[in-house]
1. Describe numerically, in nm with one decimal, the distance between label points set 7 Å from Cα along Cα→Cβ at residue 648 and at residue 585.
2. Given the options 67, 464, 802, identify the residue whose Cα lies farthest towards the positive end of the charge dipole of the chain (+1 on Cβ of Lys, Arg; -1 on Cβ of Asp, Glu).
3. With 21 Å as the limit, write out which pairs from 167/584; 105/272; 161/707; 161/413; 330/779 have Cα-Cα distances beyond it, or answer none.
4. Go ahead and run the numbers for FRET between residue 503 and residue 286, Cβ-Cβ distance against an R0 of 35 Å, rounding to 0.05.
5. Tell me whether region 46-116 comes out rounded, prolate or oblate; compute the Cα gyration tensor, take square roots of the eigenvalues as a ≥ b ≥ c, and use a/c under 1.5 as the rounded threshold.
6. Which value, in debye to the nearest 20, describes the size of the charge dipole of the chain about its Cα centre when Lys and Arg Cβ atoms bear +1, Asp and Glu Cβ atoms bear -1, and nothing else is charged?
7. Along each principal axis of its Cα atoms, how long is region 663-805 end to end? Whole angstroms, biggest number first, please.
8. Could you list the chymotrypsin sites (Phe, Trp or Tyr not before Pro) in region 407-484 that lie in coil according to DSSP, counting only those with at most 10 other Cβ atoms within 10 Å of their Cβ?
Amino acid sequence: METSSMSHPRLPLAAMSAAVILAVTALGAPSARAQTAASPAPAQTAAFSIPAQPLGSALNTLAREANLQLLVEPSLVAGKTAPAVNGRMTTAEALDRVLAGSGLKPEIKGGTVTIEPAGTTSGQPAEITLPSVTVTAAGDTQLPTEQTRAYTIQSTTAATKIALSPKDTPQSVSVLTRQEMDDFQLNGVNDALQHVTGVTVDQYETDRTDFTSRGFQITNFQFDGMGLPLIYQSQYGDIDMALYDRVEVLRGADGLNAETGNPSATVNLIRKRPTYDFEASGDVSYGSWDTKRIDVDLSGPLNSAGTVAGRLVAVHQDGNSYIDRYEPSKDIVYGVVEANLTPTTVATIGYSYESNRSRGAEWGGLPLLDANGNQMSYSTSASMAPDWAYFNTEEQRAFAELSQQLGDRWTWKTTVAWNDITSHANIFYPLGALNSDGTSGFSSYTSWWQESNQQVALDTNVTGKIDLFGRTHDIVVGASYSRSSLSNPSGEGDTDGVDVPYSVLLAGSFPEPNWDGETYSTEYLDIRRSVYASSRWSLTDRAHLLLGINYTQAGSSGDASGTSYAQQSSGSAPYVGFTVDLTKDITAYASYSKIFNPQYELNANSQLLGPARGESFETGFKGAFLDNRLNTSLSVFHVKQSNIAVDVGPNPVTLQEIYEPGNATSEGIEAEVAGRITPGWNVSAGATILRIVSEDGAPAQTFIPRKSFHLSTTYQLPVFDHKLTVGSSLRWQSETSFSAEGEGTATQGAYADLDFMVRYDVNRHFSITGTLNNALDKKHFATMEYDRALYAEPINGSVNLAWRY
């Protein structure tokens, strides 16, 4: 089988530039839209251009354009839509048009507008529970974090598909916002998730990474709430963060949103969406190891009525690496169009393409132990991969959404997603371990493979409110369908089993073999059908009960190198949550869910393991302080699982991973603080204490740190006209280890990584940001998950020049 690392050429920069020019032409010049903010004085007129959209979003847009503070009770605007408002008029006239038919009225006093029921007597406003802020997301509307510039959010649909504040969500939710990603230049998913409480990033090779939370593998990765589990539990290649506004991580079982109740965490990447004002940005950065990066982001209206908007994001990055012979590069393009078809109907369609290419890619990493069980040490840059080895991945993701308002209180939303995820590689694997003579003990294994995974997912749900027993309650009912097919042929080279001197391994000089035809293959088809319902019942003004259930039917069939398998399974994942407001700022909560998690993994006989089952319990306290700008949480959790897939290493013939069923219990404590303490001071901090044991009570998953802590903070200094921002990020974890019978034990002591950032805002359009990562130059492995590993990045830095319009 002839394969080549050149079979997927780089996306030319010229083509990217042409796309940008065409996008600028399509979006129109900024002068096509009114750019001057209206005066807050209602007697003066100003140009307004507000598209039809949910009422909460429209009010936020109007308040921002009119320089008004907005006060509104969330329940007043929930489930309501606003018509398009265009033209020159007074602020009061614009408000009347936005609120037309809503049963609400505005009252403007000075620079503040209060939204009240139309029957409210003037001067006696209804009780307002939202704090007074400049522009606050109202009700179920979460503003993009690129607009709020905060380190937290006001609303999330994690856990139940019902829009709730983090404080009212009876499960642990962390968020990584656009502002934090920009502050610390977190361009890849690995860097991003290192800043999330309770998540461990286990990069065991140059191009493959596992993620864990609460002692178990994270396999649920979603995009705008839609996604299928990761293949083989690992992320192949990178996920670039330029496309995303924020990352929401729900820790614990998520059977309602993800079809499968994996009790680790669900990572939901929220895509950037079009804006209805013209916006543009460009970033150019240069970093250690000759790493160069260009980002372009354009967004704005696509028609004169302001009812259709689009957005284009493009990225190119290339350079070298701290690892010998390793040269990664990537290209990303993302486009999305949103159309307000009617005042109550919004359609969205989007597509993204990401190509990751790596030359000198590792397969297996550096052996942790020699033949006598002694722990080995290398230089940070060491690699056993030859320069001809490569690992390339491509991800194409397309989606379409249709949201329809049904009256004042109900919304019907349908989403379809299509993903085409491929990878192809020529790899070298050093079999064996170093003998006591310091030169021998290794032999060669070479392989090529191609993997193609095509996924289709559909979700449709109805969300709304009902009045019962004199109170208002939230209801979600929906159904989902997914189909995932995989083809994974592979073959070998003609030099397998050749003894390789240790010096040749480290020099990466093992010659590329002649490649044979297909030797092994894996094919599978996985189909899942689910129905679900969730509800939030208002028992009193302070107490709420959340009930939900997901019922899933899963069918899998396939063939692994001539051995066929088929399996049908079904199960339900009930969910119960309870919250009670102890004060206006502090809420106590508890939640319980059962776990039903169909698995893709095969055992040594090439048969599916069957679904994992168990239960998850969590309780704790949450707080929202400083006008909801600062969210806090303290939780205790207990998870018990049976029949979970445990990786026991590769098949000695095919090198395909083999899994065995295992039972484990995890319990621990998590604490988190995130948000804005003062207008110029952002903070995100979290700590985890964890205990993981197998069914016999022995410690399990020892590569996961039992204690961890992270702190990221930035502060806008009161000098240089507040144009200078400084920040730091600290990540600490306790000792970890790898141990295997017949091989020995390798340990890694506790360590801390310290990063710094500084940004200077030259003017309202230009800024320059510098980062210094691993400033103390701590040497440590990226993970101890397997018997081979690679070192984490040594001290490095970057400089970024950003332009915003």
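1. 5.4
2. Positive-end residue among those listed: 67.
3. From the list (167/584; 105/272; 161/707; 161/413; 330/779), the Cα-Cα distance tops 21 Å for 105/272; 161/707; 330/779.
4. 0.50
5. The shape class here is oblate.
6. Rounded to the nearest 20 debye, it is 3300 debye.
7. Projected onto its principal axes, the Cα set of region 663-805 covers 62, 29, 26 Å.
8. Answer by residue number: 469.
We did not get these values from a lab; they are worked out from the coordinates using the rules stated. No experiment lies behind these values; they were computed from the predicted model shown. Neighbour counts are summed over all protein chains in view; Cβ atoms, including those assigned to glycine, are modelled from backbone coordinates with ideal geometry.
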